[in-house]
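None of the figures in this text is laboratory data; all of them are computed from the coordinates on show. Since this is a predicted model, take the numbers as computed values, not measurements. With ideal geometry, Cβ positions are generated from the backbone for all residues, glycine too; neighbour counts draw on all protein chains shown.
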Ligand code: C2E
Ligand code: CA
Ligand code: CA
Ligand code: CA
């Protein structure tokens, strides 16, 4: 039994070393990815539930790795948060999203909103507001078209969070609470924070037709948001049944595979530029 235990330990160590080597290599590559321009944004359409019209996009980052192919954010955002690269990556995202808005406007596309995800670290970076102001000036876009998605974790810094959000609001941006209901929810921030949109997390939407509790929660979130004069976006809408439910219950905007997956810029242009 002893030797068996030892063997198991040896195998474990080897596996662990492999995992560590892979992560180490990925981290080395990640440090170079910005310089080598390997990040891309994909854009997922957001549709108005009443009109069926496109009202916005969410920009979602992907890493075009030279040998591993397209890596989803779930595989590198955490790493980037751990080694501090996330702030620089996040700045690239804002810059890229804003210049994309500008390009589409110049191409004659009817302007729609663009949402970008902020990481907690980026949110807490002292120069976030001045960076944002700078990019908006440089790209010369109307700030009203840019929306930042924050999570409930970022609201936890209390007064500081409010201070930052008020400054972002003063620049003219929209503010959205992402993954609503999955974090350390304190309903208090709905009262005190300058929030424009609430995004219902896809975990609630996916079970909408099967789980009565999710149905109750989604209805309550919509009512709460509307009474506080905020718009509601449902994410992860995959079926017509889910969409019909959301429409019936006055959810404002839907986003999900039912309409489109996040798509590269050329595909967005083929689908949506042609319509305008
Ligand atoms: P998120 O902000 O909650 O983004 C929604 C995720 O759900 C995206 O995954 C999107 O592709 C996926 N999704 C959209 N519609 C559907 C659907 O109908 N069904 C299902 N099953 N999934 C759907 P993605 O692109 O892999 O991004 C994962 C997470 O990575 C994001 O979650 C966000 O937290 C983070 N992320 C993505 N881009 C950025 C970024 O630029 N900066 C930061 N800090 N985080 C990012
Ligand atoms: Ca998001
Ligand atoms: Ca989300
Ligand atoms: Ca989510």
Ranked 203, 161, criterion: other C-beta atoms within 10 Å, fewest first: 203, 161
Inter-site label distance for residue 258 and residue 210 at 7 Å from Cα along Cβ, in nm: 1.7
Potential extension, residue 32-residue 48 segment - 0.36 nm per residue separation minus Cα distance: 1.8 nm
Stokes-Einstein D (µm²/s) once Rh is taken as the Kirkwood radius of the chain over alpha-carbon pairs, at 4 °C in 1.567 mPa s: 64
Mean separation of Cα contacts under 8 Å (6+ apart) over length of the chain, as relative contact order %: 17
Estimated FRET transfer efficiency when R0 is 25 angstrom, pair residue 170-residue 228 (beta carbons, to 0.05): 0.80
Residue order, fewest to most surrounding Cβ atoms within 10 angstrom, among 200, 222: 222, 200
Of 255, 44, 167, the one that fluctuates the most in a GNM where the chain has Cα springs shorter than 10 Å: 167
Pairwise FRET efficiency - residue 70 versus residue 163, Cβ, R0 = 45 Å, nearest 0.05: 0.75
Residue exposure sequence - 224, 128, 208, 70 - by fewest surrounding Cβ within 10 Å: 70, 224, 128, 208
Calculated P(r) tail over 22 Å for the stretch 1-127, as whole % of Cα pairs: 52
Length added when fully stretched, residue 19-residue 266, from 0.36 nm per residue minus Cα-Cα: 85.4 nm
The stretch 49-97 - Rg over Rh from alpha carbon coordinates, Kirkwood radius: 1.12
Reduced Cα scattering model of the stretch 141-276, Debye log10 I(q)/I(0), q = 0.19 Å⁻¹: -1.14
